[in-house]
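Take a look at the structure below.
The values are calculated or read from the model by the stated rules, or taken from the named source; none is laboratory data. Since we're looking at a predicted model, the values are computed, not measured. Note: ideal-geometry Cβ built from the backbone for every residue, glycine included; neighbour counts use all protein chains shown. Surface areas here come from the heavy atoms of the whole protein model, side chains and all, with no ligands, DNA or RNA. Shrake-Rupley method; radii C 1.70, N 1.55, O 1.52, S 1.80 Å.
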Amino acid sequence: MASSELRKRSNWQTISGYKALKTEELFQISLQDALDTVYPNVFLVDRHPNEFGDIYSTYPLPNNVLDKIYNVDVSEKKPNGKPKYEWGISMDFAIRNTQNNKILFGEIKRQDGWIETTDMQVGRGNAHERSCKYFTPGLMRVLRETGGLSEEILPFWLVIVGDITRDPRRNREIAFWFQEYTKNYYMWRDTTDIGDLLDFFENNLLPYLL
């Protein structure tokens, strides 16, 4: 498929009307619209997928740890039959190929940043640092097993918005974390430029979902 096919063939008149939406909604609707145009009935862009909602509460601890902590019966049920204790993670989105069951999970992180009109201290937020949990062995394993993607890339996509995308300190920090995995993060510096988002996804990540 030619580069920028999603951009060229998506319904730009329709997408332009979505720009008043919140970033997360704009991301989902724009990407779904473009994928439906080029790959009808193949992809589903979910918000807040629930695959990992109990991965922590169901993780078994050894007895020598259970004996030393405040322990609860994690198998206990509510009167309606649902688990009483349930905690894990909630990703912001999942891009699913419904035909081959490949899934790319991801997060959208917004953060202030140090730019021309601010000072370095403005960029002290840690939303970007919280995304580092996806580099841990446990989450990396469960995301990869569930998504079924090639090991050539990381099993998640980090989309970053806000002034942090132009912060000289944070750009270097994030680039250092990802290094050869540059396909797995995207600085959406202008969230009105949907075409740039579509181009990045198509050129870097879409091939791994096909």
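Atom-type composition of the exposed protein surface of the range 22-109 places 50 percent of the accessible area on carbon and sulfur (1.4 angstrom probe). All C-alpha to C-alpha distances of the range 79-150, sorted into 10 Å bins beginning at zero, yield P(r) values of 15, 32, 27, 19, 6, 1 percent in whole numbers. For the chain, adding -39500 (n - 2.57) for each run of n ≥ 4 DSSP H residues and dividing by the number of residues yields -9000 deg cm²/dmol at 222 nm. What separates the Cα centres of the range 92-167 and the range 34-50 is a distance of 19 Å.
Nearest 5 percent is fine: what portion of the DSSP beta bridges confined to the range 91-181 is antiparallel?
Numbers: 4 of 10 bridges.
Close to 40 percent.
Could you state the accessible area per residue of the chain in Å², with a 1.4 Å probe and every protein chain left in place? Accessible surface, normalised per residue, equals 56 Å². Estimated at the nearest 10 Å², the accessible area of LYS78 is 100 Å² with a 1.4 Å probe. Here the chain is treated with +1 on each Lys and Arg Cβ and -1 on each Asp and Glu Cβ, and its dipole about the Cα centre works out to around 280 debye. Largest mean-square fluctuation among TYR186, TYR85, TYR70, in a Gaussian network model of the chain whose springs join Cα atoms under 10 Å apart, belongs to TYR70. Taking every C-alpha pair closer than 8 Å and separated by at least 6 residues, the mean separation divided by the residue count of the range 1-153 gives a relative contact order of 18 percent.
Note on the chain: with a GNM built from Cα contacts shorter than 10 Å, the maximum mean-square fluctuation among TRP114, TRP87, TRP157 falls on TRP87.
Rounded to two decimals, the Cα radius of gyration of the range 66-187 over 2.2 N^0.38 Å is 1.35. The long axis of helix 23-38 is offset from the longest Cα principal axis of the chain by roughly 70 degrees. Taking the Kirkwood radius as Rh and the Cα radius of gyration as Rg, the chain has a ratio of Rg/Rh equal to 1.02. Angle check, please: helix 137-147 long axis (alpha carbons) against the longest principal axis of the chain (alpha carbons), in degrees 0 to 90, nearest 10. Rounded to the nearest ten degrees, it is 60. Roughly what % antiparallel, to the nearest 5, for the DSSP beta bridges in the chain? In the chain, approximately 55 percent of DSSP beta bridges are antiparallel ones.
Calculation over all alpha carbon pairs of the range 42-83 in 5 angstrom steps from 0 returns a P(r) of 5, 15, 19, 19, 14, 12, 8, 5, 3, 1 percent. When the Cα positions of LEU205, LEU66, ILE29 are compared along the charge dipole of the chain, LEU66 comes out farthest toward the positive end, with charges on each C-beta of Lys, Arg, Asp and Glu.
Taking the 0 to 90 degree range and rounding to the nearest ten, how far is the long axis of helix 194-204 tilted relative to the main principal axis of the chain, both from C-alpha atoms? In the chain, helix 194-204 runs at an angle near 70 degrees to the longest axis. A full extension of the chain between TRP87 and THR136 corresponds to an added length of 15.9 nm, given 0.36 nm per residue minus the alpha carbon distance.
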